[in-house]
Amino acid sequence: KVVKKGAINLDRPLTILEVVAEAGGLETGLFQQNTVELADLGRSFVMRGQTRLPVNLEALFLHGDMKQNARVEPGDYLYFPSSNSNEIYVLGDVKMQGTQGLLAHTSVHSAIAQAGGFTPKAYTQRVLVVRGSFEKPERFVVNMNDVMTARAKGFRLEPKDILFVSDKPWARAEELLHMAINAFLQGAVSGWTRANIGPFIQQPILPQLR
């Protein structure tokens, strides 16, 4: 959600704010007669190679925290997703990873079904749902055995939720959180650059859990 999307020539040292300015700034809109940013800054990030830089873009753009205004290097990728997205992201060991449009009745079970179901190696007892910003994400563990046997109501998904299926058993959400977020980062970067620039990430950011 910048005005001019695409590659920027770094003919001199630039910071994040300067690069965004070169791109025409963040897109804005009107809500109740107030100007609002259309980018979801809590889900925005900067990638360098296969690593997300430890910068908080929400703190930089909304609160003026200049400690977050890192120097940009050639090959860096700045991603500003839409705050109005009505999609969810189904990642990990499902047959068709990717985004899905969110309907009023979409649950974890229906989202996995729309993704073609679990792969043969998927750990099907629990799945993880990540919600909110990358800096302070909410984590929800959904017990699929309870859902399938009607011992629990289907977990309702919300816009921009990340649903992640592991290929190995796990017990605590913290074990899987980093893997889920990095799967989202990899998908966002490789998907956009494949469509607009060309191949970018050659190897997964993180290996599969073993």
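The values are calculated or read from the model by the stated rules, or taken from the named source; none is laboratory data. Please read these numbers as outputs of a predicted model, since none were measured by experiment. Quick reminder, even Gly has a Cβ in these numbers, built from the backbone with ideal geometry, and neighbours come from all protein chains shown.
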Scan the range 104-111 and give yes if some residue there is assigned by TED's automatic domain parsing to the domain that holds residue 183, crowded, with 20+ Cβ neighbours inside 10 Å, of a type in the set (A, V, I, L, M, F, W, C) and more than 24 Å from residue 7 (Cα to Cα), otherwise no.
yes
Loosely packed, with under 14 Cβ neighbours inside 10 Å, outside any strand (DSSP E or B), of a type in the set (Lys, Arg) and modelled with pLDDT of 90 or more - does that describe any residue in the range 84-100?
yes
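For the range 63-83, which residues satisfy the criterion of being without any contact (Cβ under 8 Å) to a residue 24 or more places away in the chain and either touching a Pro at 6+ places or on another chain (Cβ under 6 Å) or not in a loop (DSSP other than H, G, I, E, B) (or both)?
Initially, the range 63-83 is screened for residues without any contact (Cβ under 8 Å) to a residue 24 or more places away in the chain, giving 63-67.
Result: 63, 66, 67.
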The range 1-20, residues that are over 25 Å from the mean Cα position of the chain (by Cα) and charged (D, E, K, R)
11, 12
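So, in the range 141-174, exactly how many residues are of a type in the set (Phe, Trp, Tyr) and at pLDDT 90 or above?
So the first thing to find is which residues in the range 141-174 are of a type in the set (Phe, Trp, Tyr), and the list is 155, 164, 170.
Imposing the further condition that a residue be at pLDDT 90 or above reduces the set to 164, 170.
So the answer is 2.
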Is at least one residue of the range 119-134 among the basic types (Lys, Arg) and under 19 Å from residue 52 (Cβ atoms)?
yes
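Quick grid of which residues meet (1) within 26 Å of residue 179 (Cα to Cα); (2) at pLDDT below 90; (3) outside the structural domain of residue 189 (by TED's automatic domain parsing); (4) not β-branched (Val, Ile, Thr):
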| site | (1), (2), (3), (4) |
| --- | --- |
| 7 | no, yes, yes, yes |
| 27 | no, yes, yes, yes |
| 40 | yes, yes, yes, yes |
| 44 | yes, no, yes, yes |
| 49 | yes, yes, yes, yes |
| 68 | yes, no, yes, yes |
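State yes or no: is residue 120 part of a loop (DSSP other than H, G, I, E, B) and at pLDDT 95 or above?
The answer is yes for residue 120.
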Exactly one condition in (1) closer than 21 Å to residue 119 by Cα; (2) at pLDDT 50 or above; (3) basic (Lys, Arg) is not met by residue 210; state its number.
(2)
